[in-house]
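The values are calculated or read from the model by the stated rules, or taken from the named source; none is laboratory data. What you see is a predicted model; the values in this text were computed from it and never measured. A quick note on method: Cβ atoms are made from the backbone with ideal geometry, for glycine too, and the neighbour counts reach across all protein chains shown. In case anyone asks, the SASA skips ligands and DNA or RNA and just uses the protein heavy atoms, side chains included. Shrake-Rupley method; radii C 1.70, N 1.55, O 1.52, S 1.80 Å.
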Amino acid sequence: MNCVHCGKPLPEGSRRDRAYCDHKCRGLASYYRRKAGVPPPPHWQHPALTSGNPALRSAAARAKQLGEANGWSPSLVRCAMDGLTAVLENRSSGKPVKLTEVRTRIPRHASSHRVAEVLTGLELLEDDSALAIRSWIEDRTAELPAGFAGDVRAWLLVLLDGDSRAKPRSHTCLYVYFGCVRPLLENWATARGHLREITRADVTAALSPLRGWQRRNAIAALRSLFRFAKKRGLIFANPTTRLKTEDIQRSLLPMTDAEVLAVQRIAVTPAQRLIVALAAVHAARATAIRRLTLDDLDLPNHRITIAGHAQRLGELPHLTLPAWLAQRRVTWPKTPNRHVLINAKTALGTGPVSAAYLQRHLLHQGVYLERIRGDRVLHEALTVGADPLHLALVFNLSHTAASRYAAIAQNLLDDQIEQTAERK
């Protein structure tokens, strides 16, 4: 490529839309062009916009449209068009593109997520990628002893996909169940070769050293595994029959002054302060905070809607919201995302931030939102009275959760009365 004004070759590695050597040539070209009354040359356009392939041309126009609507930078739009060129240039019109092909063929500087988003909008994307959870199941069960691997793999796949009589379980459930069962199976493998050889005595001995939630989760996982094995005819008798889990009494105490100071010291950014304020004042759950939108806010009237529950906006959130909204507006002025909390990734779309966003900003720093939320509900119960109905109405709790908090508050109040009586 040569300079449009002086004709000298441009430096190696120059951008494709570069037309001049430097600002001097650009200024001189503009001066002589205005002096001669010549209109400026048209702006550089990506070759995909004028491609002879209709599919590529439509995809490039779609990428440009998405970029304008979602506030993509010009560089991001160009990179998306580069990726579309790599997968559509030599492809017949109407033939879908596989997702694995997008991830392997596009240039390194292009975003596979944005290319897939453009192709999805044009109905040209075929998702042929295997779920990561399926690869995880194959890898983890392959590490089990041979006599147990096949049955456990089939059990996990049924939990993942469900069957005619059971709904699919969450990925977290699979991780927890397998984490509970794996050490027990490895221990049994020293003397047993198959699930059918496991007896009630083996189950009782394996569960005896476990306590609390660890024991409860292990019992639930074993019952699920052996029920599956019995239903599929893999075992003769279910060794977990009539095996019951014990109720675990939850204990909750108000946050200490040291814990409150630690939260204040850690939560320093506007986003962190807003998240903590919503949990500390409105007892908002993490999911409700992530899904909070701008339409749920009514700052002039001091109102907020959290998880469909309209309520008066507290003083602390009313102070932290403007600071975060101002930073949000300056950082992503053209974002189409209506969620209150956004980051660099979600600002280009319309979805909420992930759960990892809250974990990275707070949980990994030592701030537990559930602890703050529970302290807020408990404080309300101790202040107003252990009334489940009041707690359910104020914080939009279920009757079970409201009754549990009321019972804990009543126990704390009774202990306080007993201590006062002993002092007298």
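Some observations on this one:
- Zero-based 5 Å bins, Cα pair distances in segment 248-301, whole percents: 4, 14, 19, 25, 16, 11, 7, 2, 1
- In order along segment 256-261, phi translates into HN-Hα couplings of 7, 4, 5, 5, 5, 5 Hz, rounded to whole numbers, per the Karplus curve 6.51 cos²θ - 1.76 cosθ + 1.60 with θ = phi - 60° and x for Gly and Pro.
- Computed helical MRE - 222 nm, the chain, DSSP H runs ≥ 4 contributing -39500 (n - 2.57), nearest 500: -18000 deg cm²/dmol
- Dipole moment magnitude, nearest 20 debye, the chain about Cα centre, only Lys, Arg, Asp, Glu C-beta charged: 1280 debye
- Protein-only accessible surface order, largest first, of ASP128, ASP82 at 1.4 Å: ASP128, ASP82
- Just so you know, the Rg over Rh for segment 116-220 is 1.11, from Cα atoms, with Rh as the Kirkwood radius.
- Shape of segment 291-341, Cα gyration tensor, a/c cut at 1.5: oblate
- Rg/Rh for segment 344-424 stands at 1.20; both radii use Cα atoms, and Rh follows the Kirkwood definition.
- Residues listed by number, segment 193-210, amide nitrogen under 15 Å from ARG242 label point at 7 Å toward C-beta: 200-201, 204
- Rounded tilt (10° steps) of 315-331 against the dominant C-alpha axis of the chain: 30 degrees
- In the chain, the longest principal axis of the Cα atoms and the axis of helix 132-142 are about 50 degrees apart.
- Residue among ARG360, ARG114, ARG15 with the largest mean-square fluctuation in a Gaussian network model of the chain, springs linking Cα atoms under 10 Å: ARG15
- Long-range amide H partners of VAL97 with built H, under 5 Å: LEU125, GLU126
- Backbone HN-Hα couplings from phi across segment 397-410 [Karplus 6.51/-1.76/1.60, Hz, Gly and Pro as x]: 8, 6, 5, 5, 5, 5, 5, 5, 5, 5, 5, 5, 5, 5
- Distant-in-sequence amide contacts of ARG303, defined by a placed amide H-H separation under 5 Å and a gap of 5 or more residues or a different chain, comprise ASP298, LEU313.
- Shown here: Rg and Dmax of the Cα atoms in Å, derived from the displayed model; of the candidates (i) 23.1, 90; (ii) 33.4, 128; (iii) 30.4, 102, it corresponds to (iii).
- Here's the picture: charge each Lys and Arg Cβ at +1 and each Asp and Glu Cβ at -1 in the chain, and of GLY385, VAL77, LEU28 the one pushed furthest to the positive end of that dipole is LEU28.
- Size of electric dipole in segment 197-258: Cβ of Lys, Arg +1 and of Asp, Glu -1, about Cα centre, debye, nearest 20: 400 debye
- Sequence of SER93, SER73 when ordered by accessible area, the most exposed leading, probe 1.4 angstrom: SER93, SER73
- Table column - 3J(HN,Hα) (Hz), segment 372-389, Karplus curve with 6.51, -1.76, 1.60, x for Gly and Pro: 5, 5, x, 5, 5, 5, 5, 4, 5, 5, 6, 7, 8, x, 6, 10, x, 5
- Rounded accessible area per residue of segment 349-424, 1.4 Å, Å²: 59 Å²
- Stretch gain in nm, segment ARG211-GLU126, where the contour uses 0.36 nm per residue and the Cα spacing is subtracted: 25.9 nm
- Dipole of the chain computed with +1 at Lys/Arg Cβ and -1 at Asp/Glu Cβ about the Cα centre; of VAL38, LEU243, THR331, farthest Cα towards the positive end is VAL38.
- Taking every protein chain into account, the accessible area of segment 32-130 amounts to 59 square angstrom per residue (probe 1.4 Å).
- Cα point-scatterer Debye curve for segment 265-424, base-10 log of I(q)/I(0) at q = 0.11, 0.15, 0.16, 0.17 Å⁻¹: -0.50, -0.84, -0.93, -1.02
- Of HIS23, HIS113, HIS46, the residue with the greatest mean-square motion in the GNM of the chain, using alpha carbon springs below 10 Å, is HIS23.
- Rounded to the nearest 10 degrees, the angle from helix 270-282 to the longest Cα principal axis of the chain is 30 degrees.
- Lys/Arg +1, Asp/Glu -1 at C-beta; the chain dipole; positive extreme among SER129, LEU88, GLY212: LEU88
- Lysine pairs with alpha-carbon atoms under 16 Å apart, the chain, spacing 8 or more or separate chains: 4
- Of all accessible heavy-atom area on the chain, the percent that carbon and sulfur account for (1.4 Å): 53 percent
- Within a Gaussian network of the chain (alpha carbon springs, distance under 10 Å), most fluctuating of GLY233, GLY27, GLY349: GLY27
- For segment 62-102: rounded, prolate or oblate by the Cα gyration tensor [a/c cutoff 1.5]: prolate
- Remark: the ASN411-VAL38 segment gains 125.6 nm on full extension, using 0.36 nm per residue and subtracting the alpha carbon distance.
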